[in-house]
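Beneath this line is the structure, given in structure tokens, with notes to follow.
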Amino acid sequence: MAELLSDAPVIEVAGRTFPVTTRWLGPATPKLQPRAIAEAIRLALAESDGDVLAFLPGAREIRAVERDLGSVAGVVVLPLHGALPSSAQDRALGPAPDGRRKVVLSTNIAETSLTIEGVTAVVDSGWARRSVADSARAMSGLVTMRISRASADQRRGRAGRVRPGLGYRLWAEHEHALLDEHDPPEITQADLVPLALDLARWGAPDGSGLRWLTAPPPRALVAARGLLETLGVLEPSGQVTTHGRSVAALPTHPRLAHAMLRAREHGHGALACTVAALLGDRDIGDDRRDADLASRIDALRTGTRTPGVDRVRRDAERLRRRLGVAETSAFTVDHLGVILAFAYPDRVARRREQAGRYLLANGVGAAVAEHDNLSTSEWLAVAEVELLGDGGDARILLAAPITREELDLAIEPTTATVAQWDRRTRDVRVQRERRIGAIVLKASPFDDPDAARHALVDGVRIEGLALLPRLDDASTFRGRVAFCRGHIGEEWPDLSDDALLEHLDEWLHPALVSAGARRRADLARVDLLHAIRAMVPWSLLTLLDQLAPTHVTTAKGTRKPVDYSGDDPSISLRIQDAFGWYETPKLAGGRVPLVVALLSPANRPVQVTRDLAGFWRGSYKEVRAELRGRYPKHAWPEDPTADQAGRGPRR
């Protein structure tokens, strides 16, 4: 940091802390258990005489633990999180009233930035909830995750601010080392859409030329710019549009500002301001567990007086003034779906076969509980999700139903030709599809030969080279080239399975075009030998027959095929056919001797050798003595290298 600020001076101030004894209450559970937290708080109250601070992921868990604690004699239970009004936060931070002890149920807001008087015991759930941009799933959402070791130490240290204290951790000591050492920089996980708009307004859309403490992830920044283009906020060049300047002028997230402006065009501006205020607030103090946004609007409309409700109503009023719309229809629920679709076009969702299961337009699966009011809706516009760490379906936290007519108003479907390899039928499927992102609205068969061939190449990439019925036609040629590559030099191309799969587009696609192949059955007429030969430069092909011939000719003039399928090239022939050879034939310009498998007249193995001359001088005498009596009609000369040896069986 000091280096980034031109070598600014660093001032260190040592803080006074007291020792904190750690109590391990593990093992950790896969999900936070409010009852276990409540029991740990009761234990802390029994073993200490000061106030207790408990760390929980969010307001929902705080309310659940508060219910499980119930009424504790001489103790006041106070929540603490960022959505509370300042008066409620002050009560949690100040001394306990009337001399009673205090239990503060807090999010990680109290981890580093606030000092809470009187705390001598900390109960740590080990969990935190953060808004995380998941680049793999191309969306952002809330994630409940395990904290880091550094965060756990910060939390425990809160018990030692005024005197020695106790720290209760709801995991086992041996599990502590499995936690990450530190939390990642926030910019690496944050929703970068607001930042992307700011950068574009500054004239640096990609952030180049700026000095960063931690640079934003390039992939996430590109995705954020892509969303802003979809919303019409940015030009493809990165310039801010006229609409984008209007979006930037509103004091809310670009998604919500875009929705407010679009909704105003259709007479729903006041309701959009209410939705923006509600989504911009982390918690209105409403304990409703369903995902239907309409129930939150109902809480605002009915006038239930809670600090959260009052805050949202005030924020909505401020937004209406900025947008220039009246309060009329500010709390209706008839058009919630289209407003959310304006803001989150990538999160429009269509129900799958199972009730409560949906596919989002960005391709992510998501779910609501089957008993939820929304679970039977054909279409949803989703505002908020919780991303699960196991990579499964996201949990829909807030959404509204939307009709097809409203969808057409909010989102323009695209039409495209989609050619792909069908893993079920193991063949090419080409369709003309009308779709919203990953959601197919209508599909019909379509004839596109080039797209079909690309899908056929993908099929080979997926299924492997075994899908090609004539690959064996090229096996000897590939073996010969591989031999040259191994013994002469790497100027000879790699024709291994891995290399062929890596370069399918270069050699297979042209062959499919030549053969007019468009489906799997057409592969039988694709000349793969010709296609693979084309990968070898002509200058090398002219040397191939000399360096790695397909056959060798015996002394009697018989051509014998060379087998290149093993580690070394080899030939198999009857021992009589080798008569007249003094030395083993050599390949690669005399560098590599063939492996010669000598057979009896009945084609049974006799000897395998690379040194034919040594065999003639040595063990041939024993072989001759043994086989001469077994095969008397065949020649068994004393000197097998003589020109006339082995002319055939005597009659």
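Here, each number is a calculation from the coordinates, and none is a lab measurement. Being a predicted model, the structure only gives us computed values, none of them experimental. As a convention, Cβ positions derive from the backbone with ideal geometry for all residues, glycine included, and neighbour counts pool all protein chains shown.
Side notes on the structure shown:
- All other residues whose Cβ lies under 14 angstrom from that of residue 94 are scored, Lys and Arg at +1 and Asp and Glu at -1, for a net of 0.
- Label selected from [x] 70, 65, 45; [y] 114, 65, 48; [z] 124, 62, 56, the criterion being Cα extents along the principal axes in Å as computed here: [z]
- Highest-first arrangement of 64-75, 261-272, where packing means the average Cβ count within 10 Å: 261-272, 64-75
- Looking at the chain, the DSSP beta bridges with both ends there are about 60 percent antiparallel.
- Using θ = phi - 60° in the Karplus curve 6.51 cos²θ - 1.76 cosθ + 1.60, the 3J(HN,Hα) couplings for segment 612-628 round to 5, 4, x, 5, 4, 6, x, 6, 4, 4, 5, 5, 4, 4, 6, 8, 4 Hz; x is entered for Gly and Pro.
- Normalised contact order of segment 549-630, rounded percent, pairs of Cα under 8 Å and 6 or more residues apart: 22 percent
- Take the chain and mark each of the chymotrypsin sites (Phe, Trp or Tyr not before Pro) that is in a DSSP loop with at most 14 other Cβ atoms within 10 Å; the longest unmarked stretch, sites excluded, is 213-581.
- Local electrostatic count at residue 515 - Lys and Arg +1, Asp and Glu -1, tallied over other residues with Cβ under 11 Å: +2
- Under 30 Å of direct C-alpha separation, and excluding same-chain neighbours fewer than eight residues apart, residue 633 reaches these lysines: 556, 560, 621.
- Based on Cα atoms of segment 1-131, Rg over Rh with Rh as the Kirkwood radius reads 1.03.
- Overall form of segment 399-489: prolate. Here a/c, set by the Cα gyration tensor axes a ≥ b ≥ c, is 1.5 or more, and a/b is the larger of a/b and b/c.
- Residues whose placed amide H lies under 5 Å from that of residue 125, excluding near-sequence neighbours: 55
- In order through segment 590-601: 3J(HN,Hα) via Karplus (6.51 cos²θ - 1.76 cosθ + 1.60), integer Hz, x for Gly, Pro: x, 7, 10, x, 5, 8, 9, 9, 8, 10, 6, x
- Calculated from backbone phi, Karplus (6.51, -1.76, 1.60) coupling profile of segment 61-74 in Hz, x at Gly/Pro: 5, 4, 5, 5, 5, 4, 5, 5, 5, x, 8, 10, 4, x
- Note on residue 31 and residue 17: the extension gain reaches 1.8 nm, defined as 0.36 nm multiplied by sequence separation minus the Cα-Cα distance.
- Charge tally for residue 569 (other residues, Cβ to Cβ under 14 Å; Lys, Arg +1; Asp, Glu -1): +3.
- Amide H to amide H, with H built 1.01 Å from N, residue 20 comes under 5 Å of 165, counting only residues 5 or more places away or on other chains.
- Of all aspartates and glutamates in the structure, the ones whose alpha carbon falls short of 19 Å from that of residue 31, not counting any fewer than 8 places away in one chain, are 39, 61, 66, 68, 124, 173, 175, 180, 386, 390, 393.
- Taking max minus min of the alpha-carbon positions on each principal axis, segment 1-71 gives extents of 53, 28, 26 Å, largest first.
- Each Cα pair under 8 Å and six or more residues apart adds its separation to the average, and for segment 250-412 the resulting relative contact order is 23 percent.
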